[in-house]
1. Non-local amide H neighbours of Gly75 (under 5 Å, H modeled in plane, Pro and chain starts lacking H): which ones?
2. If you find the alpha carbon centre of region 145-208 and of region 34-70, how far apart are they in angstrom?
3. Roughly how many nanometres apart are two label points built 7 Å out from the Cα toward the Cβ at Asp23 and Gln9?
4. Starting from the Cα gyration tensor of region 69-185, take the square roots of the eigenvalues, sort them a ≥ b ≥ c, and report rounded, prolate or oblate (rounded when a/c is under 1.5, otherwise prolate if a/b is larger than b/c, else oblate).
5. Suppose all protein chains stay in the model; what accessible area per residue would a 1.4 Å probe give for region 68-221, in Å²?
6. What percent antiparallel are the DSSP beta bridges of the chain, to the nearest 5?
7. Can you tell me the length gained on complete extension of the stretch Ala65 to Phe192, counting 0.36 nm per residue apart and subtracting the Cα distance?
8. If only Cα atoms are counted, what is the Rg of region 124-214, and what is its Dmax, in Å?
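The values are calculated or read from the model by the stated rules, or taken from the named source; none is laboratory data. These numbers come from a predicted model, not from an experiment. Cβ placement follows ideal geometry from the backbone for every residue including glycine, while neighbour counts extend to all protein chains displayed. We work out accessible area using only protein heavy atoms, side chains counted, and drop any ligands, DNA or RNA first. Shrake-Rupley method; radii C 1.70, N 1.55, O 1.52, S 1.80 Å.
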Amino acid sequence: VNDTLSTNQRTNAWYDRFAAFYDAALDGMYAAHRMRAIEALGVAPNMTVVDVGCGTGATLPLLRAAVGENGRVIGVDASAGMLRKAEALVRRRDFHNVELLQVGTEATSIAAIASRVGRVDRVLCFLSLSVIDPWQLVLNGWLDVLPEGGALTIADVHNPRPGPYARLVELIARATLARKSWEPLQQRTTNFQLEWEPSSWFLGGAFFLATGTVDGSQRAY
Ligand SMILES: C[S@@+](CC[C@H](N)C(=O)[O-])C[C@H]1O[C@@H](n2cnc3c(N)ncnc32)[C@H](O)[C@@H]1O
């Protein structure tokens with residue numbers, strides 16, 4: 001049966017199960033990185049922020065704190081199992097302005113979500129573009145949605161030549177660490193900033209933060 005499943009279906013099926021132990025495995029590892037990503041993205045009160053591949057919602061409370069009572073946070077993910085965890089977190093914390101949406105992997109789903117959500121000011125892709133397939137389509141899709149002055153941050157792990165340990169990380173996360181997801185962001189945005197964390201081998205590669213701002217003159221891509 002597995003042979004007939006697409007990569008996306010297999011990734012979803014894995015994350016549906018991974019949801020049970022995801023937080024226990026990753027919680028401490030990325031706490032500081034999440035804060036730094038939100039700072040790099042420039043999330044401010046009253047903004048609408050999308051968390052692409054929000055998973056169990058580990059970044060949602062920080063995003064909610066940054067946009068405040070009158071902002072909006074939209075978490076999107078493909079895995080129902082991960083979203084159930086995120087929903088429980090949102091209920092526990094009584095976040096009335098945090099919405100969760102299940103996305104399909106087809107190209108049309110981003111435009112459909114965007115028309116439902118309305119104006120989006122910031123987009124965060126935290127450990128998601130290394131997993132999402134096809135990641136270019138999703139990155140470009142969200143850049144298309146951002147208005148002039150809107151910004152997108154990619155926070156992820158890169159390894160040009162994964163060794164045995166990194167391959168284990170790739171297997172557990174269903175990730176491809178050799179992707180250079182910052183490159184199309186750099187091409188399509190202004191004020192591009194790329195920051196590397198040198199000593200993060202235990203993450204499977206080097207952690208990076210890439211941020212760019214959408215400029216009206218680059219719209220016709
Ligand atoms: C490594 S987890 C990261 C979760 C979360 N951002 C975090 O920092 O903990 C990758 C997430 O990407 C989600 N994902 C995979 N393919 C996706 C797609 N096509 N669209 C949206 N999310 C997707 C997975 O379900 C999973 O929750």
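1. Asp51, Glu99, Leu100, Leu101
2. Each part's Cα centre sits 18 Å from the other's.
3. The two pseudo-label positions are separated by 3.0 nm.
4. Note, shape of region 69-185 comes out oblate.
5. In whole numbers, region 68-221 has 48 Å² accessible per residue.
6. 45
7. Contour length minus Cα-Cα distance gives 43.2 nm.
8. In Å, with Rg to one decimal and Dmax whole: 13.2, 43.
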